[in-house]
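Okay, so here's the structure we're looking at.
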Amino acid sequence: MEVNFIYTLDYDSYCARRMGSIDVCSHIYLGEGLILVVDPRLSHLSSEELRKLTLKLVTVLEQFDKAVDKTHE
């Protein structure tokens, strides 16, 4: 799977938030101990794109779990 990062991130300005700043992020539960945190300000994903990404990740993780289960049989 190839991942292309389209956006460059300015971490210095992101990390230089002022006291009292509020960030609202999505926390996507992908499995036990595995949570993806998405900051919409940095990800530039629409709600629909985030739903599609979540469905794709769930599919990949389910395939991974099946492959791991087969190697333990």
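The values are calculated or read from the model by the stated rules, or taken from the named source; none is laboratory data. This one's a predicted model, so the numbers in the text were calculated from it and none came from an experiment. Don't worry about glycine lacking a Cβ; one is built from the backbone with ideal geometry, like all the others, and counts go over all protein chains shown. For accessibility, only protein heavy atoms count, side chains too; no ligands or nucleic acids. Shrake-Rupley method; radii C 1.70, N 1.55, O 1.52, S 1.80 Å.
Scan the stretch 44-73 for residues that are in contact (Cβ under 8 Å) with a residue 24 or more places away in the chain and small (Gly, Ala, Ser) and jot them down.
none
Taking the conditions exactly as written (open to solvent by less than 100 Å² (accessible area, probe 1.4 Å), at pLDDT 90 or above and on the phi < 0 side of the Ramachandran plot), does Val37 satisfy them or not? Working first, answer last.
On the way: open to solvent by less than 100 Å² (accessible area, probe 1.4 Å): yes; at pLDDT 90 or above: yes; on the phi < 0 side of the Ramachandran plot: yes.
Yes.
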